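Enquirer: One structure is given below, represented as structure tokens, and several questions about it will come after.
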Amino acid sequence: MGKEDNGWGPALKAKIEESYKNLVKVTLYEYEISSIEFTQGDATEEVLSESPDLVLYEPFSLINNTVGIPEDQNEETILIFQNKLKKVNKHAILLLQPSYPIVGATYYPRDIKELKALGKEQDVSYLDHWEAWPEGDELEDYLVEDQDGPNEKGNEVWLKYLAEYLITQK
């Protein structure tokens, strides 16, 4: 989860902690690395050291796309992480979510479609927050100028979607 103060991560953490009081502990992790670096380095062990019951996992699809790691390798790292997670807590739940959408991307949306298919194939819940974002040129209004992340409006959309999924009773 993004840890920046104005991002959706801290706001979601606060909402979860407020809603569930002392019943849950929320820890935010943020890594600017590829999926391969995540599963082969200390980052995975850092996350798993807490023996989490639930992991809201944003795979490194956007970074992987930037550095040329194919989606099938990203999917393999997700399965590696899931196996490691189940070893530390066999009842743990993995939730997948994509990174934020970007305007004019070609390969990235295809990678996200494959990520969604992986979730279905592996029976892992996939939180498709992209369905809450606007499409086309209007999306620019929800991203920082260089598309290096969501702006305040984008963070609000992402936060609302996740809060409704994780907190709101339907």
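The values are calculated or read from the model by the stated rules, or taken from the named source; none is laboratory data. The shown structure was predicted, so the numbers you read here are calculated from the model rather than taken from an experiment. Note: ideal-geometry Cβ built from the backbone for every residue, glycine included; neighbour counts use all protein chains shown. Accessible surface is based on the protein model in full, side chains and every heavy atom, while ligands, DNA and RNA are left aside. Shrake-Rupley method; radii C 1.70, N 1.55, O 1.52, S 1.80 Å.
Enquirer: Is there any pair linking a residue in region 41-58 that is closer than 21 Å to I16 by Cα and of a type outside the set (V, I, T) to one that is part of a strand (DSSP E or B) and open to solvent by 20 Å² or more (accessible area, probe 1.4 Å), with Cβ under 8 Å and at least six apart or on different chains, and which?
Expert: Pairs found: D53/I93; L54/I93.
Per-residue answers, yes or no, for (1) open to solvent by 80 Å² or more (accessible area, probe 1.4 Å); (2) assigned to a helix (DSSP H, G or I):
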site: N6; (1), (2): yes, no
site: Y31; (1), (2): no, no
site: T39; (1), (2): no, yes
site: S51; (1), (2): no, no
site: P59; (1), (2): no, no
site: L62; (1), (2): no, yes
site: L79; (1), (2): no, yes
site: K87; (1), (2): yes, yes
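Enquirer: Suppose we filter K153, K116 for residues that are closer than 28 Å to E76 by Cα and of a type in the set (K, R); which single one remains?
Expert: Only one candidate qualifies: K116.
Enquirer: Considering only region 112-135, state which residues are over 22 Å from P70 (Cβ atoms) and surrounded by fewer than 18 Cβ atoms within 10 Å (Cβ to Cβ).
Expert: D123, S125, E131, A132, P134, E135
Enquirer: Another question, if that's okay. Within region 89-111, count every residue that is assigned to a helix (DSSP H, G or I) and buried (at least 17 other Cβ atoms within 10 Å of the Cβ).
Expert: 2
Enquirer: Given (1) aliphatic (A, V, I, L, M); (2) farther than 21 Å from G7 by Cβ; (3) modelled with pLDDT of 95 or more, identify the lone condition not met by I69.
Expert: Looking at each condition in turn, I69 falls short on (3).
Enquirer: Hey, can you tell me all the residues within region 141-156 that are surrounded by fewer than 19 Cβ atoms within 10 Å (Cβ to Cβ) and part of a helix (DSSP H, G or I)?
Expert: D141, E152, K153, E156 - these are the residues of region 141-156 that are surrounded by fewer than 19 Cβ atoms within 10 Å (Cβ to Cβ) and part of a helix (DSSP H, G or I).
Enquirer: Looking at I93, is it among the β-branched types (V, I, T) and over 23 Å from W8 (Cα atoms)?
Expert: For I93, the condition - among the β-branched types (V, I, T) and over 23 Å from W8 (Cα atoms) - is not met.
Enquirer: Given the conditions (1) farther than 27 Å from E140 by Cβ; (2) in contact with a Lys or Arg (Cβ under 7 Å, 6 or more places away or on another chain), report the number of the one that D128 does not fulfil.
Expert: (1)
Enquirer: Another question, if that's okay. Does E138 satisfy the condition of being open to solvent by 20 Å² or more (accessible area, probe 1.4 Å) and at pLDDT 95 or above?
Expert: yes
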